[in-house]
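The values are calculated or read from the model by the stated rules, or taken from the named source; none is laboratory data. All figures in this text were calculated on a predicted structure; none of them were measured in a lab. Cβ coordinates were reconstructed from backbone atoms using ideal geometry, including for glycine residues, and neighbour counts include every protein chain displayed.
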Amino acid sequence: MTAKIPTKRKAAAAVAGGVLLALSPLVAQTAVAAAQPEPTVTAKGAALVDGDSGETLYGKDADTARPMASTAKIMAAYVVLGQGADLDRQVPVKQEYRDYVTEHSTSTADLQTGDKLTIRQLLYASLLPSGADAGYALADTFGTGDTTEERTESFVSQMNAKADELALPKTEFDSFDGAGTDSSTPTELAKLARYAMTDDTFRTVVATKQYKAEAPAANGRTRYYTWNNTNQLLGSYDGVIGIKTGTTTPAGECLVFAATRGAKTLVGTVLNSTDRYGDAAKMLDYGFGSDTAKNMKLRKLPANTQRD
């Protein structure tokens, strides 16, 4: 039986975690040193901020909440990592996780029932191929309650509580994977990304193009998994270090991205784009004062890669 996904935001729950890094508030949009014309992007909403100060460098309808699709998994991973969990803890894969993928036609890590994957492996499976089955496993593991439904609802409540804690008032979650009516603004997603990228494990995972994993299978043998990162900007634009794609019919193509050149790090978001990688590259060029987007060639993904 598939877990019921909450249809509205739950009351904020207390979330265990360490002291958050003090990040400067996003401030009014300013001109970049390069004094280039602002980029023209296809996205309905976009934001580019300085990764260190949080200063807004570019915005397009940046404070309007829109569906965020699988970029919601950024928050899910951040909540898991904030609990200080043992990343080598093994979690058995339930048939419910696979059934959820089939029922909702979501992207999948193709986890096999009965296999035992570590929390670390589930983070890769959730963030690289955007596996909703892996996201379900994490929510079921880190939520509280006596049933799968109660645990997943609890986990979504933790995601909303963390949004409150990070001062993201327009960010709302009603699923663990972005398949619901989850929404945020480009500005708030960029802020969330800045927080998430301070975690070493998160930063390592989202910068990985391909990850190979081995897991004990239900039949006593070893299962071999290979997960490819759906983020084609990674390895295509010089300096990109992550972070997450997302696509649904209501949300369109979404991308949260980050790049570092020299001492400068930029973090950005595009929501509901028809050319998310081109949009992101133009925005990064604007922030870095460069002119490389027009010559960018997207990294080709293996034929079996999930599309998200």
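Hey, any hits in the range 62-83 for a residue that's among the basic types (Lys, Arg), farther than 22 Å from LEU189 by Cβ, at pLDDT 95 or above and assigned to a helix (DSSP H, G or I)? No: the range 62-83 contains no residue that is among the basic types (Lys, Arg), farther than 22 Å from LEU189 by Cβ, at pLDDT 95 or above and assigned to a helix (DSSP H, G or I).
GLY145 - would you say it is in a loop (DSSP other than H, G, I, E, B) and modelled with pLDDT under 95? Taking the combined requirement at face value, the residue does not satisfy it. Selection over the range 184-194 of residues that are under 13 Å from the mean Cα position of the chain (by Cα) and either closer than 20 Å to ALA132 by Cβ or among the polar types (S, T, N, Q) (or both) gives a count of 3.
Within the group THR106, THR56, THR64, which residue is surrounded by fewer than 17 Cβ atoms within 10 Å (Cβ to Cβ) and farther than 22 Å from ARG221 by Cβ?
Of THR106, THR56, THR64, the one residue that is surrounded by fewer than 17 Cβ atoms within 10 Å (Cβ to Cβ) and farther than 22 Å from ARG221 by Cβ is THR64.
Could you tell me whether the range 164-171 includes any residue that is assigned to a helix (DSSP H, G or I) and not β-branched (Val, Ile, Thr)?
Yes, the range 164-171 contains at least one residue that is assigned to a helix (DSSP H, G or I) and not β-branched (Val, Ile, Thr).
With the requirement that a residue be within 24 Å of PRO250 (Cβ to Cβ) and either part of a strand (DSSP E or B) or among the hydroxyl-bearing types (Ser, Thr, Tyr) (or both), what does the range 51-61 give you? Once the filter is applied, which keeps residues that are within 24 Å of PRO250 (Cβ to Cβ) and either part of a strand (DSSP E or B) or among the hydroxyl-bearing types (Ser, Thr, Tyr) (or both), the range 51-61 yields GLY59, LYS60.
Residues checked against (1) in a loop (DSSP other than H, G, I, E, B); (2) free of Cβ contacts under 8 Å to residues at least 60 places away in the same chain; (3) acidic (Asp, Glu); (4) surrounded by 23 or more Cβ atoms within 10 Å (Cβ to Cβ):
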residue	(1), (2), (3), (4)
THR204	no, yes, no, no
THR208	yes, no, no, no
ALA213	no, no, no, no
ASP238	yes, yes, yes, no
ALA258	no, no, no, yes
LEU301	yes, no, no, no
THR305	yes, no, no, no
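Close contacts from the range 221-236, counting a first residue that is closer than 22 Å to ALA69 by Cβ and a second that is of a type in the set (S, T, N, Q), with Cβ to Cβ under 6 Å and a gap of 6+ residues or different chains, come to ASN228/GLN210; ASN228/THR305; THR230/SER130; THR230/THR245; THR230/GLN306; ASN231/THR245. For ALA263, the conditions (1) small (Gly, Ala, Ser); (2) without any contact (Cβ under 8 Å) to a residue 24 or more places away in the chain; (3) under 30 Å from ASP110 (Cβ atoms) all hold with the exception of (3). Has the range 270-281 got any residue that is over 14 Å from the mean Cα position of the chain (by Cα), polar (S, T, N, Q) and under 21 Å from TYR124 (Cβ atoms)? No, every residue in the range 270-281 fails to be over 14 Å from the mean Cα position of the chain (by Cα), polar (S, T, N, Q) and under 21 Å from TYR124 (Cβ atoms).
Determine if the range 37-50 includes at least one residue that is of a type in the set (D, E, K, R), in a helix (DSSP H, G or I), in contact with a Lys or Arg (Cβ under 9 Å, 6 or more places away or on another chain) and touching a residue at least 40 places away in the same chain (Cβ under 8 Å). The answer is no; no qualifying residue exists.
Say we look at the range 285-299 and pick out the residues that are in a loop (DSSP other than H, G, I, E, B) and at negative phi; which of these is surrounded by the fewest Cβ atoms within 10 Å (Cβ to Cβ)?
LYS297
Scoring THR230 on the criteria (1) on the phi > 0 side of the Ramachandran plot; (2) outside any strand (DSSP E or B) leaves a single failure, condition (1). Against the test of being closer than 30 Å to TYR225 by Cβ and either at pLDDT 95 or above or not basic (Lys, Arg) (or both), the options LEU87, LEU57 yield a single qualifying residue, LEU87. Scanning the range 260-284 for residues that are of a type in the set (Asp, Glu) and surrounded by 20 or more Cβ atoms within 10 Å (Cβ to Cβ) gives a single hit, ASP279.
When we screen ALA179, ALA217, ALA132 for residues that are of a type in the set (A, V, I, L, M, F, W, C), within 22 Å of ASN304 (Cα to Cα) and surrounded by fewer than 18 Cβ atoms within 10 Å (Cβ to Cβ), the only hit is ALA217.
Screening GLU172 with (1) closer than 25 Å to LYS60 by Cα; (2) buried (at least 22 other Cβ atoms within 10 Å of the Cβ); (3) of a type outside the set (Phe, Trp, Tyr) gives one miss only, at (2).
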